[in-house]
Amino acid sequence: MINRVSTASQYQNLTSNLMRKQGELNQTNGQLSSGKRVETAGDDPVSSVTIQNYRQQLTQIDQYNSAITLANNRLQTMETAIAGVEDNLGATKQKVLGMINGAMASNDRTAFKDELISLRDGLLELANSRDEAGNYVFAGNQSDTKPFMEATDGSMDYYGDSQSRYAQIDKSVNVKTSLPGDQLFTDVPNSYGDFRPVFSDGAGGLTDGSKLHLLSATTSDFSSAEAIEVSFNEVDVAAADGTTTKEMQYNLTVGGKVVAANQAYDSEQGIVYKDPVAADSATLNLKFGDISSGDNISLKPAQTINIFDSIQSAIDNAERLTSSPAAEANLQRVIDDLDSGFVHMNQQRSEVGTIMQQVDRQQEQHLDFELTLNQAQSGLEDLDYSKAIMNMNQQMMALQASQQAFGQTKQLSLFNYI
């Protein structure tokens, strides 16, 4: 008995097998061409999800690295500008020191004044520095507003705000990319403490030839600080043995009220005053140097100074005769202000440097993490060429065998068995 054979069914099975093996070979060829084991989610659904997560993290790192590049550019611009300010203040101090020289002729003083004006203008240009995008570096968040402009009286007005711009360089890391101009130029710490001296000549001022200068002036409660006036007089004090000695005495006026009169001045301790009536009153500590009998000095409350105002004071006093005690005292005050300004700028520059170090460390962390992610992604996604070539050879042999079988099957006919 001869069984009935379905040639159509056999043909369909062989065709499907042939197409499947051809598809497997084509897939392997595609992997060898791209170098990727996983090109679509269908190639390896589990690995594909992990690879997508890696890609998202790498994209985020690229964004953070772009923010780091922008932050570094801004910080470098700011650091360069502050370094220029330090140089400017140093040069200005040297000019003011030269102006104190009493042997200078009037032409010399005029020349020094012109140089001070040039240095002041240079400082203004640095204060109005811009970054590579044209934004003002020291304007706070008002980056499109020119921060400093000269008023008609020669003072500098600040038009920025007191905020700083930030850049996000990691998921939870934000760094400053700017410092407000008022923090740098108009809020310089007062080198004397809580008060600033005001000098004048003649009655109610400094005596001829006076070298009086303020060493420090502080209060335990600045919120209640008032204007102060101090006058000095040297008097003869009789001793018990009938001899007399010279004693420097002071009168202290606070808020227009005389609170101490004819008190001996102790050069080591200075003046220490606290209202004996009010238990919670502030304590004043004042120290002076090179006092002359008849000197009078006024002190105004001020914890910070405007460095532009200090330089303007030097310009205003440039052509005054240095024989004027007040002119020399004002120039000495400018020198003290410039010293304080230089230290202040150095501290601000140090802050910028610390931020730059933080940015560099964060960038190194991103690079390390990026390398780890790339290696992990490569392990899942990239093709093992040696294994793929072996698979391709096996698939080619299987395909050839299927093709031969298919060819023989097509030639089969019932007549071959008759």
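The values are calculated or read from the model by the stated rules, or taken from the named source; none is laboratory data. Owing to the predicted nature of the structure, the values given are computational and were not obtained by experimental measurement. Because the Cβ atoms are built from the backbone with ideal geometry, glycine has one as well, and the counts that use them run over all protein chains shown. The accessibility values were calculated without ligands, DNA or RNA, using every heavy atom of the protein model including side chains. Shrake-Rupley method; radii C 1.70, N 1.55, O 1.52, S 1.80 Å.
Summary of values
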item	result
Close pairs (8 angstrom Cβ cut-off, 6 or more residues apart or separate chains): in contact (Cβ under 8 Å) with a residue 40 or more places away in the chain in region 349-369, open to solvent by 70 Å² or more (accessible area, probe 1.4 Å) and in a helix (DSSP H, G or I) anywhere	M356/Q76
Filter result for E364 (open to solvent by 10 Å² or more (accessible area, probe 1.4 Å), of a type in the set (D, E) and over 20 Å from E86 (Cβ atoms))	yes
Top-ranked residue in region 155-191 [being open to solvent by less than 10 Å² (accessible area, probe 1.4 Å) and not polar (S, T, N, Q); ranked as farthest from D316 (Cα to Cα)]	I169
Conditions (1) modelled with pLDDT of 90 or more; (2) surrounded by fewer than 18 Cβ atoms within 10 Å (Cβ to Cβ); (3) among the aliphatic types (A, V, I, L, M); number of the one not met by L97	(1)
Top-ranked residue of region 293-306 - restricted to ones that are in a loop (DSSP other than H, G, I, E, B) and touching a helix residue (DSSP H, G or I) at 6+ places or on another chain (Cβ under 9 Å), ranked as farthest from R333 (Cα to Cα)	D295
Criterion violated by A111 - all others in (1) part of a helix (DSSP H, G or I); (2) in contact (Cβ under 8 Å) with a residue 12 or more places away in the chain satisfied	(2)
Candidate set from region 307-320 (those that are in a helix (DSSP H, G or I) and among the charged types (D, E, K, R)); member that is modelled with the highest pLDDT	D309
Candidate set: region 172-192, residues that are in contact (Cβ under 8 Å) with a residue 12 or more places away in the chain, part of a loop (DSSP other than H, G, I, E, B) and out of contact with any Leu (no Cβ under 8 Å at 6 or more places or on another chain); chosen: the one farthest from K146 (Cα to Cα)	S191
So Y250, is it among the aromatic types (F, W, Y) and either at positive phi or free of Cβ contacts under 8 Å to residues at least 12 places away in the same chain (or both)	no
Count of residues meeting criterion [closer than 18 Å to I355 by Cβ and hydroxyl-bearing (S, T, Y)] in region 51-76	3
Residue check for L338: at pLDDT below 90 and either more than 28 Å from M78 (Cβ to Cβ) or assigned to a helix (DSSP H, G or I) (or both)	no
